[in-house]
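Here's the structure we're looking at; comments come further down.
The values are calculated or read from the model by the stated rules, or taken from the named source; none is laboratory data. Just so it is clear, the model here is predicted, and its values are computed rather than measured. Quick reminder, even Gly has a Cβ in these numbers, built from the backbone with ideal geometry, and neighbours come from all protein chains shown. Ligands, DNA and RNA are stripped out before the accessible areas are found, and what is left, the full protein with its side chains, is counted by its heavy atoms. Shrake-Rupley method; radii C 1.70, N 1.55, O 1.52, S 1.80 Å.
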Amino acid sequence: MLNALTDDHWAELQNLLPSDRFKPADARYLEEPRGRYHLPSGLVAQPRNTNEVSALVAFCNAQKIGIVPYGGGTGLVGGQVMVNGPVPLILSLEKMNAVRAVYAEENVLIAEAGVILADVQAAAQDVNRLFPLSLAAEGTARIGGNLATNAGGTGVLRYGNIRDLCLGVEAVLPNGEILNGLSRLRKNNTGYDLRHLLIGSEGTLGIITAAALKLSPRPARTGTAMLVVDNPKAALSLLALARDQIGESVSAFELIHKQGIDFLEETLPDVRRPFTVAPQWSVLIEVGLPKAMSPANALETLFETALERGLVSDGIIAQSQAQSDAFWSVREHIPEANRRIGSVSSHDISVPLGALAEFIDTAGHRIDKIGEFRINCFGHVGDGNLHYNVFPLPGGNRADHMNERDEIKRVVHDLVHELGGSVSAEHGVGRLKVDDLERYGDPAKLAAMRAIKTAIDPFGIMNPGAVLRT
C-alpha cells in the first residue's frame, strides 16, 4: 500500500536536496496532450544529476511514495499522469539535459535523459553523424522518455526503434541503487542485458538517467517522392520493389489516405499539398544514398518500373530540399489536423505486412456496421505500424459518439489480435491500454512481467498503474 506525498515529506525532501530542486506542479505536469488524464495537484522534483535522482528514489522507496517519471510530457497513453491512488512525487528529468560526450569515430553519443530529441540530432549533425530517430514531437520529447517508451517514428524501416539505437543505459533502480550501464560496446555477453529490460518499461522498473546512443553515417544524398497507388496492397508491392532496387537505403515509407489530406485542407489550409486533386492513397518515400549514387535516378527508375507493373499511376519526385520539406510537412501535420477535427477513437496498431491490406479493408467494413464515420488511416507502413483513427461525419461532434467509442476500439483491436498484430505499436501501454494488455497479452508473458515488477519494485513505487494494474 502506497502512502500519499504530504507537506511533511516535502519538508524532508528539501532537507535532502537544495530547495530549488522542487516546485508545485503546474498544468503541464498534471495533464497529458489528449486531455484524458488529470491530476489535481502535485509536487515536482527536478534533480540535476544521477546522485540526486538516487536520493529521491531511495527516500520514496523508504516512505512507500509513488514516483511518476516525467520527460517531455508528449506521451499519448497517459503514462506521465497518475490519476488514481495516493499523491505521487513527479520526478522530472528536464534539468538533466547535458550531452556528456560524443565519440564520432565510434558512432556513439552519451546523453542525459532530459536532452530534447532534436538536440541529440543536432549534436550528431555537428560531428557529421546521424541520430536517426525522428518523430513529430522531436522538438519537445526527451530522450529518456523516448527510451522508456521504446519510441519508433519514421525511420524504423531502416534504423529500427530506439531500442536498436541504444548501446547502454545508466538508471536508478527502485531501491535507489544506480545501474552503471553506459557501455559503448557492440558486443557484451556478460549476463542479462538489463538495458533491454528498462527500455520500453515506461518507468515502471526504474528511471533512465542517461544513455549511450548509436549514431550512423549521414547519407551523402537523399531523395524524396510522393507516389500515387491504387490501394494499400499496391503500396506494399511498391515497398517490396523499392527494397529490391534500392536495398536498405529506403529510409522511410509512409502511407497516406485522402482523408488525411482532406483534414489538412479543412483545418490547416496553409500546408501545401503536392497534388491538385488528392489521391485516394499515396506513399511518401525517402531514400538516403552514398555520394556516388543519384537519389533522383533511383526514384525515377523505381517509378518507371512500378508504372509498368501497374503499382503506381502518378508521382512527384522532389527537385529541391524545399520541395522535400513540403512533402514531409504534409505527413507531419496530419496528426495536428486529426486533433483539430477530434477523433471518436484513435488506434496505434501494427500488423504483419502481409495482413495490412486485409486489416484496412476488414476494419472499415466492421466499423460500417456500428455507424457512419470518417476513417483516417495513415502511418509507417514500411514497418506495419498504422495510425487508424475514426472521426464523426462532417458537421458532427465526437461527443455525440462517446457511447460508441469502446465498441469501435474493441472492433479494431479484436481484428488486430486476430491478424497477429499489436494494439500498441509505438506509443506504449501507459494507463490507457492496461485493459488491452490484459485482454490481448500472452498469459505467460504477463505472469513473467508481474514477477519481474514484484522482484525489482516490491513496494510498487515506480509509475504506479502504468503498464500493469496496481
What FRET efficiency comes out for the pair residue 368/residue 322, r = Cβ-Cβ distance, R0 = 45 Å, nearest 0.05? 0.65
Per residue, accessible area of region 207-346 with a 1.4 Å probe, heavy atoms of protein chains only, in Å², comes to 44 Å²
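Just subtract the alpha-carbon distance of residue 268 and residue 444 from 0.36 nm times their residue separation and send over the number in nm, one decimal.
That pair, residue 268 and residue 444, stretches by 58.7 nm at full extension.
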Given a 1.4 Å probe and every protein chain left where it sits, what share in percent of the accessible area of the chain is carbon and sulfur? 48 percent
In terms of the alpha carbon gyration tensor, root eigenvalues a ≥ b ≥ c, rounded if a/c is under 1.5 and otherwise prolate when a/b exceeds b/c or oblate, region 320-423 is oblate
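Once every DSSP H run of n ≥ 4 in the chain is given -39500 (n - 2.57) and the sum is divided by its residues, what mean residue ellipticity at 222 nm do you get, rounded to the nearest 500 deg cm²/dmol? It would help to have the intermediate numbers written out before the result.
Details: 15 runs with 164 residues, N = 470.
Only helices count here, giving -10500 deg cm²/dmol.
As an exercise, use a Förster radius of 60 Å and the Cβ-Cβ distance of residue 230 and residue 41 to find the FRET efficiency, rounded to the nearest 0.05.
0.65
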To the nearest 10 degrees, how steeply does helix 295-308 sit against the main Cα axis of the chain, on a 0 to 90 scale? 60 degrees
Sorting check: for 396-405, 311-320, 65-74, which peptide has the highest mean count of neighbouring beta carbons within 10 Å, and how do the rest follow? 65-74, 311-320, 396-405
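For residue 113, what charge total do you get from the other residues with a beta carbon under 13 Å from its beta carbon, if Lys and Arg give +1 and Asp and Glu give -1?
Summing Lys/Arg as +1 and Asp/Glu as -1 gives -1.
Measuring with a 1.4 Å probe in the full set of protein chains, what accessible area per residue, in whole Å², belongs to region 1-82?
44 Å²
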How high is the relative contact order of the chain? Use alpha-carbon pairs under 8 Å, at least six apart in sequence, and give a whole percent. 16 percent
Helix 321-341 vs. the chain, principal-axis angle (Cα, 0 to 90°, nearest 10): 60 degrees
How far is helix 356-368 tilted, in degrees, relative to the longest principal axis of the Cα atoms in the chain, given as a value from 0 to 90 rounded to the nearest 10? 80 degrees
Residue 98 to residue 243: FRET efficiency via 1/(1 + (r/R0)^6), r the Cβ-Cβ distance, R0 45 Å, to the nearest 0.05? 0.70
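Express the relative contact order of region 321-393 as a whole percentage, based on alpha carbon pairs under 8 Å and six or more residues apart in sequence.
For region 321-393, the relative contact order is 38 percent.
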So what is the accessible area of region 380-444 per residue, in Å², with the probe set to 1.4 Å? 44 Å²
For labels at residue 222 and residue 180 in the simple 7 Å Cα→Cβ model, what's the distance in nm? 3.8 nm
Give me the number: length gained by fully extending residue 7 to residue 361, i.e. 0.36 nm times residue separation minus the C-alpha to C-alpha distance, one decimal in nm. 121.9 nm
Net charge within 13 Å of residue 303 by Cβ-Cβ distance, Lys/Arg positive one each and Asp/Glu negative one each, not counting residue 303 itself? -3
Quick one: check the C-alpha center-to-center distance for region 318-355 versus region 401-470, whole angstrom. 25 Å
Apply the a/c threshold of 1.5 to the C-alpha gyration tensor of region 330-375 and tell me whether it is rounded, prolate or oblate. oblate
Can you give me the relative contact order of region 129-183 as a percent, contacts being Cα pairs under 8 Å and 6 or more apart? 26 percent
Rg and Dmax of region 216-319, Cα atoms only, in Å: 14.0, 43
If N is the residue count of the chain, its Cα Rg over 2.2 N^0.38 Å rounds to 1.00
Charge context of residue 288, other residues only, Cβ under 9 angstrom, K/R +1, D/E -1: +2
